[in-house]
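The values are calculated or read from the model by the stated rules, or taken from the named source; none is laboratory data. Predicted model only: the values in this text are computed from it and were never measured. When we count neighbours, we look across all protein chains shown, and the Cβ atoms used for this are built from the backbone with ideal geometry, even at glycine.
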Amino acid sequence: MAKAVIAIHGGAGALARAQMSAEQEQRYIEALSGVIEAGQTILAQGGSALDAVTEAVRLLEECPLFNAGIGAVFTRAGTHELDACVMDGNTLKAGAVAGVSRLRNPILAARLVMEQSPHVLLTGEGAEQFAFEHGVEPVSPSLFSTPERREQLARARQQGETRLDHDSGPLDEDQKFG
Amino acid sequence: TVGAVALDEHGNLAAATSTGGMTNKLPGRVGDSPLPGAGCYANDASVAVSATGTGEVFIRTLAAYDIAALMDYAGLSLQQASERVVMEKLPALGGSGGIIAVDREGNVAMPFNSEGMYRGFGYAGDAPCVGIYRE
């Protein structure tokens, strides 16, 4: 039997190494390491892969460094719309939510959809209502906002672009044309 | 976008993905993250995958499922299937980003075609291994 293992990501994009200070890099490394360790602990104690990935993503949603949950990016309307999915390979069961803004941890709502509904994907108000009916407390959409993400929206609006997680940094001299 | 994939001691695979989407996206836009087979996929035979990047391209290519299909039908290894999708198929359609994946043997793949990807893995009982750029 293969050794239990967990892998995680916190997003990809054209994040420029030159724009990342040593302190910022250290913050990311510490955050990622902490989440991996939490997943490793679950697996080492005999926990399921499903529980390990759910908890890892919940922790990543709680960390404002990453674009999910707290720290999620803004839409063009200045709002947040969060999506999440979980899939259990053993059973091929899956659950997902999309376009939610009042659920602190969309991944837990996705897990509820998988385990407590006959459906795979619920969206918007329907997804939120389903979660509330299963004991999830509503939160204010402002919970997800951070000053850094608001600045990214302002820059993206200025340039009329949609942007991936980490390509929203300030332009360097090489990127200024005209 | 964030995600996780895991293999437990019973040989079960699972995947999870969560996101705020893209900055300045149109309200109502849904990317690949909540779509099984696009940004998140796991089966009982081969692999668990979580993706991050240009969601529309991951949807059009069914990127996560494609990795499983290349392993199941074409006999590619986890590394070969992941590289084929992330380094060849996605860029051909303008897709940027990466994936994390683990197979039933406990192999881990984390290819990305962007400048960096926040990522890491850890076997039970070992120290975590974390990276951001191409080291």
query = Of all residues in segment B:80-135, which are within 21 Å of B:A15 (Cα to Cα), among the hydroxyl-bearing types (S, T, Y) and within 14 Å of the chain's Cα centre (by Cα)?
reply = B:S82, B:S96, B:Y118
message = Going through B:V47, B:V86, B:V130, B:V57 one at a time, which residue ends up being in contact with a helix residue (DSSP H, G or I) (Cβ under 6 Å, 6 or more places away or on another chain), of a type in the set (V, I, T) and crowded, with 24+ Cβ neighbours inside 10 Å?
response = B:V47
Segment B:25-44, subset touching a Ser or Thr at 6+ places or on another chain (Cβ under 6 Å) and buried (at least 24 other Cβ atoms within 10 Å of the Cβ), residue farthest from the other protein chains (Cβ to nearest Cβ) = B:G39
message = Being over 24 Å from A:T54 (Cβ atoms) and part of a helix (DSSP H, G or I) is the filter here; which residues of segment B:54-70 pass it?
response = B:E56, B:V57, B:R60, B:T61, B:D66, B:A69, B:L70
query = Applying the selection to segment B:1-24, what residues are out of contact with any strand residue (DSSP E or B) (no Cβ under 8 Å at 6 or more places or on another chain), within 7 Å of chain A (Cβ to nearest Cβ) and of a type outside the set (D, E)?
reply = B:G11
query = Are there any pairs, at least 6 apart or on different chains, whose C-beta atoms fall under 6 Å, with the first in segment A:137-162 and within 11 Å of chain B (Cβ to nearest Cβ) and the second among the basic types (K, R) and surrounded by 13 or more Cβ atoms within 10 Å (Cβ to Cβ), and if so, which?
reply = A:A156/A:R163; A:T162/B:K25
task = Scan the strands (runs of 3 or more DSSP E) fully inside segment B:1-53 and keep the ones with 2 or more residues being within 17 Å of B:M117 (Cα to Cα).
result = B:2-7, B:13-19, B:47-53
Qualifying position, being at pLDDT below 95, touching an Asp or Glu at 6+ places or on another chain (Cβ under 9 Å) and surrounded by fewer than 19 Cβ atoms within 10 Å (Cβ to Cβ), among A:A12, A:A16, A:A44 = A:A16
ask   = Quick one: A:F74 ticks every box in (1) within 7 Å of chain B (Cβ to nearest Cβ); (2) farther than 22 Å from B:T23 by Cα bar one, so which box is it?
value = (2)
query = Out of (1) in a loop (DSSP other than H, G, I, E, B); (2) over 22 Å from B:A14 (Cα atoms); (3) at the interface with chain B (Cβ under 8 Å from one of its Cβ atoms), the odd one out for A:M1 is which?
reply = (2)
task = Would you be able to tell me the number of residues in segment A:77-101 that are farther than 14 Å from A:L122 by Cα and more than 7 Å from chain B (Cβ to nearest Cβ)?
result = 3
ask   = Do we find that B:M117 is buried (at least 17 other Cβ atoms within 10 Å of the Cβ) and of a type outside the set (D, E, K, R) in this structure?
value = yes
query = Would you say B:T61 is more than 7 Å from every other protein chain (Cβ to nearest Cβ) and hydroxyl-bearing (S, T, Y)?
reply = yes
ask   = What is the one condition in (1) aliphatic (A, V, I, L, M); (2) surrounded by fewer than 24 Cβ atoms within 10 Å (Cβ to Cβ); (3) over 24 Å from A:T162 (Cα atoms) that A:L65 does not satisfy?
value = (3)
request  = Provide a single number: the residues in segment A:25-46 that are over 19 Å from the mean Cα position of the chain (by Cα) and more than 7 Å from chain B (Cβ to nearest Cβ).
outcome  = 4
query = Within segment A:156-167, restricting attention to residues that are more than 20 Å from the chain's Cα centre (by Cα) and not in a helix (DSSP H, G or I), which residue is surrounded by the most Cβ atoms within 10 Å (Cβ to Cβ)?
reply = A:E161
key: Residues of segment A:24-51 that turn out to be free of Cβ contacts under 8 Å to residues at least 12 places away in the same chain and under 11 Å from A:I6 (Cβ atoms), as a count   = 4
task = With respect to B:M71, determine if the residue is of a type in the set (A, V, I, L, M, F, W, C), at pLDDT 95 or above and surrounded by fewer than 21 Cβ atoms within 10 Å (Cβ to Cβ).
result = no
inquiry  = So, in segment B:119-135, exactly how many residues are more than 7 Å from chain A (Cβ to nearest Cβ) and in contact (Cβ under 8 Å) with a residue 12 or more places away in the chain?
reply    = 2
